[in-house]
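In what follows, a single structure is set out as structure tokens and then discussed.
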Amino acid sequence: MAAAKRHDGRRADQLRPVKITPGFVGGADGSCLIETGRTRVICTASFCKGVPRWRKGSGLGWLTAEYGMLPASTGARKARPTSKGDSRGIEIQRMIGRALRNVVRLDRLGENTIYLDCDVLEADGGTRTASVTGAQVSLSLAAARGAWSGGGRRSAVVGRAAAVSVGIVDGRALLDLDYAEDSRAQVDMNVAMLRGGMFVELQGTAERTPFTGEQFKRMLALARRGIAGLFRIQTQAIRNGMK
């Protein structure tokens, strides 16, 4: 008997439709719009002179990320964050920064900073993972344009990262949860990986029911499958953006 389809008709191991539009923000060093189902995020990469005070004198660069949701991104108006930001946004931007620092040689940047900005236009689950995946495209496009390769310096971008959500919903392991699934998941997990197969971030929580080792293995297998597909989509978006 065929496995039951999800509420949107997808198989358990199927991503939502993913579209990445490169060069979405003309003034940025690198940018894209990433759409995963109804979730839409604008990602930009900007190269700026200087590093944080604690980094000065090291000879090393820095990469950091900022994340925010537009007021109408969740349907009901979401208040703009204060200058300190909200705790969820801070957690997500730290995840984005950690993931993308794994693909950058900071010693090749000089004392300069890459800022990755991820702004959610519409949220239907998976905004943080879409932000990681889209920020990588923007970062790669900025590097391809030579945004920080002055003086013949070798590219600082030396790898590729992407991320996806997985979870247990009604006892089934599912890939790429939308909001309807995420809001009732027994287990929710976000996975970020490098193209070589290494993990760079695992965020897993038993929201309602503890999960077994076997369920964990099934979720990781789904994440690997989904991220492999995201790498292919990234590659095509970067090629399109370099034309």
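Structure values in brief
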read-out	value
Helical mean residue ellipticity (222 nm; -39500 (n - 2.57) per DSSP H run of 4+; nearest 500) of the chain	-9000 deg cm²/dmol
Phi to ³J(HN,Hα) by Karplus 6.51 cos²θ - 1.76 cosθ + 1.60 over the range 7-24, Hz, x for Gly, Pro	4, 9, x, 7, 6, 4, 9, 10, 5, 5, x, 10, 9, 10, 9, x, x, 5
Under the Karplus curve 6.51 cos²θ - 1.76 cosθ + 1.60, θ = phi - 60°, whole-Hz ³J(HN,Hα) for the range 41-53, x wherever Gly or Pro sits	9, 8, 10, 10, 10, 10, 9, 10, 5, x, 9, x, 4
Virtual spin-label span in nm between SER87 and ALA180, 7 Å along Cα→Cβ	3.1
Gained length - MET198 relative to ARG154, 0.36 nm times residue gap less alpha-carbon distance	13.5 nm
Ordering of 57-68, 3-14, 212-223, 165-176 by burial proxy (mean other Cβ atoms within 10 Å per residue, highest first)	165-176, 57-68, 212-223, 3-14
The range 104-128-the range 195-243 distance, computed between alpha-carbon centres (Å)	18
Under Karplus coefficients 6.51, -1.76 and 1.60, residue-wise ³J(HN,Hα) of the range 176-186 in Hz, glycine/proline x	6, 6, 8, 5, 4, 7, 4, 5, 10, 6, 6
Two-site FRET efficiency, LEU70 against ASP170, from Cβ-Cβ distance with R₀ of 41 Å, rounded to 0.05	0.85
Label point distance in nm, ARG11-ARG101, each placed 7 Å from Cα along Cα→Cβ	3.8
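Laboratory data are not the source of any read-out in this text; all were calculated from the coordinates shown. No experiment lies behind these values; they were computed from the predicted model shown. Every residue, glycine among them, receives a Cβ derived from its backbone with ideal geometry; neighbour counts consider all protein chains shown.
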